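The values are calculated or read from the model by the stated rules, or taken from the named source; none is laboratory data. Treat the numbers as computed from the prediction; the structure is a model and nothing was measured. Glycine gets a Cβ as well: all are built from the backbone with ideal geometry, and neighbour counts include every protein chain shown. We work out accessible area using only protein heavy atoms, side chains counted, and drop any ligands, DNA or RNA first. Shrake-Rupley method; radii C 1.70, N 1.55, O 1.52, S 1.80 Å.
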Amino acid sequence: MKPNRLLAATAITLATAGGAHAGVDALDLVEPVAEYKIFVTGRTAELVEGVDAFVAAVKAGDVEKAKALYPVVRVPYEQIEPIAELFSDLDVAIDSRADDYEQAEADPEFPGFHRIEYGLWEKGSTEGLDAVADKLSADVHDLHGRIDGLTFPPEKVVGGAAVLMEEVALTKISGEENRYSRTDLWDFKANFDGAYKIVELVRPLIEETEADFVAAVDGNFDKVYAILEKYEDGDGYVSYLKLTDADRNVLSAAVNTLAEDLSTLRGKLGLD
Amino acid sequence: MTATEKRNTGAAAPSRLMPLAVAGSALLAAAAAGAFYYATQTATGPERGDAHKVVVGERTCDPADFALPAGRATFEIHNASSRPIEWEILDGVMVVEERENIAPGFHSLLTAKLKPGSYEITCGLLSNPRGTLTVTPSAQSEAERARPPITAFIGPLSEYKVYLAAQSGLLVKAAGMLEEAIRAGDVEAAKAAWLAARLPYKRIEAVTGRIADLENAIDPLPDYLEKREQDPAFTGFHRLEYGLWGEGTAGGLAPVAQRLSGDVAALKDRLKALKLQPEELAGTALRQARRLGEGQVRDGENAYAASDLAEIVASLEGMEKSAMLLKPLVAEAAPDVAAGLEKGFSAARAALDAHRAGETYPPYDRLDAQAREALAASFRALAEAISALNPAIGLE
């Protein structure tokens, strides 16, 4: 038996999850996967443009501008993470955390977004970040080219919805990812949007045969979006530290349920 | 709680939720308590299947080397180090599967469908040495190699649809500029836009040629019409070509250009709705290669613009896109067929390159019969190579 007895809605979904997936025609996935690639390619173009502006601000020594751009330019990366993180070398270069390095923040190898985040927020300075910034720019350009050339594996596209939710459950709820800037809610939103995009693309394939599942997933997305909305600030979000414990718990439960539910999507679509 | 108590020893219980229990400590006290409750609830679940246990320490994985048969395999990754870890199976730089953020003292399950080959596994810190995973063929993987399952074609077909969408987008844009230039009476700009529009059109012609109603409006050749250039059905690209190059004027062409714009926009929509079958990736490329080899190269198509060489290059690019999408599957099933395909494309490219002058190609009327025959022969050889694809992967 699956373990998720805490949440009734999940239990219902899981009861049907192991059973027959009602004969989805594999070729019906061609169009959603194609649409997803078009979406990801568009987001990646936006990432490249954003990062180049961010890098310019860092190199100009404009700490305030760089801090303002940081959460914004990360959004497309976080949306397309299921694909971006397939390229292990670039994912490490762009988005690894200090924990992955022997000397943590002090490690000369510590690169990418979070190295710059550390400099901007903890040191209040762009000193020594020129080379890191140039490398970040080169890496997102490289990523763009590689994504262009990638034939998207359908199981990674469909599985991507759960991957994004796990990403939130494992690295965002704890506040681990943006530990210096506290801009975590921006990333949350981007991860949710990325996952929701995938759900939207495959929805026509399952909305009749898996109506309960789709309703449960929609319900949990509604919950997470409703909570995020409370913390909106201008075009973005307030500091993660302002999230109340009560909201964090609701968010955490909904995200974990979504991670569980969406992890069955591959099986439902015949891709396991 | 002790490290042992923290472990989720539950069966298929996806312990990806577990790191939550330690994740935010103070930040997360309440959620962590919930996750711990969940852990205790699953501690006595059914026995797990035969998962391959791997313990990640400060410096290494234990074991660090795995040898498994192809197919589904589950790994149970224990983090015995003092930091959160990510565990990945890598095929070159590409991630096959991964589990993120396994907290110290916890374990997580990962299931991967492994194809035969050599992989690496990560072991904690990025600077730590990697382990290896050697996957040997199984009866099922051998069967799938010779006859890939239908799901193996979703990716290639999607990629081709992305290509059709991109090229038809370029076509619509260029046709719009062509119409604009014609309305402005700017013959030189119209010629440039016409040449630009032909390239994306040629790249996807293998597929669009099957949409007969639009094809007959977009690309009819005067040779096939009763009254040739004077025929009322003479519309589309070649009608504009005749006006711009043959008569040297944009006069009277605006309605033709407008119709072409509408037709290519409709074409774009039809391509988006089109459902392609796996055998069509090679099938359309094959048809196009044969057309070129059996007459189009000999006769030429653009009697007035003489821009055939650039268009043949574009045709080749389009064929290469669709046929090469099958190459990874074919290379596994029949390496000689994949090698033949590579050879066919490089020979055709070389035959075209022989005529190239920098970034441009000479007018087609400079190519005599012998030169055309050499070029046509390379497309016939290419067709031969492409025709071997579908049978190699059980599609015919």
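Per-structure values
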| quantity | calculated |
| --- | --- |
| Complex-versus-alone comparison for the stretch B:123-145, residues with a loss of 10 Å² or more in accessible area, probe 1.4 Å | B:125, B:126, B:127 |
| Theoretical FRET efficiency, 1/(1+(r/R0)^6), r = Cβ-Cβ of residue B:346 and residue B:224, R0 41 Å, to 0.05 | 0.80 |
| Point-charge dipole on Cβ atoms (K/R +1, D/E -1) for the stretch B:140-241, about Cα centre, debye to 20 | 280 debye |
| Residue among B:259, B:59, B:290 with the largest mean-square fluctuation in a Gaussian network model of chain B, springs linking Cα atoms under 10 Å | B:59 |
| Protein accessible area in the stretch B:54-179, 1.4 Å probe - carbon and sulfur % | 57 percent |
| Label point distance in nm, residue A:28-residue B:294, each placed 7 Å from Cα along Cα→Cβ | 3.7 nm |
| Cut-off 11 Å between beta-carbons: net charge of the residues surrounding residue B:193, Lys and Arg +1, Asp and Glu -1 | -1 |
| Most fluctuating residue given options A:223, A:123, A:189, as computed from a GNM of chain A linking Cα atoms under 10 Å | A:123 |
| Surface accessible to a 1.4 Å probe, residue B:269 within the full protein complex, Å² | 100 Å² |
| Distance between modelled label sites at residue B:180 and residue B:277, nm, 7 Å Cα→Cβ extension | 4.2 nm |
| Convex hull volume per residue in cubic angstrom - Cα atoms of chain A | 127 Å³ |
| Alpha carbon convex hull of the stretch B:50-143, projected area averaged over orientations, nm² | 5.5 nm² |
| The stretch A:179-272: Lys pairs at Cα distance under 15 angstrom, eight or more positions apart or on different chains | 4 |
| DSSP bridge pairs, the protein assembly as shown: antiparallel proportion in percent, nearest 5 | 75 percent |
| Average accessible area per residue (Å²) across chain B - probe 1.4 Å, nucleic acids and ligands excluded | 43 Å² |
| Residue B:132 long-range amide H proximity, modeled H, under 5 Å | B:65, B:66, B:121 |
| For residue A:155, net neighbour charge (Lys/Arg +1, Asp/Glu -1) across residues whose Cβ lies under 13 Å away | +4 |
| Cross-link reach list, aspartates and glutamates versus residue A:123, counting only Cα pairs under 13 Å and skipping chain neighbours closer than eight places | A:64, A:105 |
| Kirkwood Rh, angstrom, the stretch B:152-276 [1 / mean 1/r, Cα pairs] | 14.8 Å |
| Cα-based Kirkwood hydrodynamic radius, the stretch B:207-257, one decimal, Å | 11.2 Å |
| Average accessible surface area per residue within chain A, 1.4 Å rolling probe, Å² | 36 Å² |
| Carbon/sulfur fraction of accessible area - the stretch A:221-269, other protein chains in place, 1.4 Å, % | 49 percent |
| Residues of the stretch B:335-373 with amide N under 18 Å of a point placed 7 Å along Cα→Cβ from residue B:384 | B:336-352, B:373 |
| Radius, Kirkwood style, for the stretch A:167-272 when every pair of distinct Cα atoms is counted (Å) | 14.5 Å |
| Percent RCO, i.e. relative contact order, over the stretch B:152-276, from Cα pairs under 8 Å lying at least 6 residues apart | 33 percent |
| Longest exposed-site-free window of chain A, the sites being GluC sites (Glu not before Pro) in a DSSP loop that have at most 11 other C-beta atoms within 10 Å | A:1-126 |
| 14 Å beta-carbon shell around residue A:248, net charge (K/R +1, D/E -1) | +1 |
| Protein heavy-atom accessible area occluded, B/A pair - total, 1.4 Å probe, Å² | 4600 Å² |
| Sequence-separation-based contact order of chain A, relative, with Cα cut under 8 Å and 6+ spacing, percent | 26 percent |
| Degrees separating the helix B:154-183 axis from the principal Cα axis of chain B, which is the longest one | 40 degrees |
| Value of relative contact order over chain B, rounded to a whole percent, pairs C-alpha under 8 Å and six or more apart | 13 percent |
| Alpha carbon Rg of the protein assembly as shown, scaled by the compact-globule rule 2.2 N^0.38 Å | 1.09 |
| Helix axis angle, B:369-387 relative to chain B longest principal axis, alpha carbon, degrees | 30 degrees |
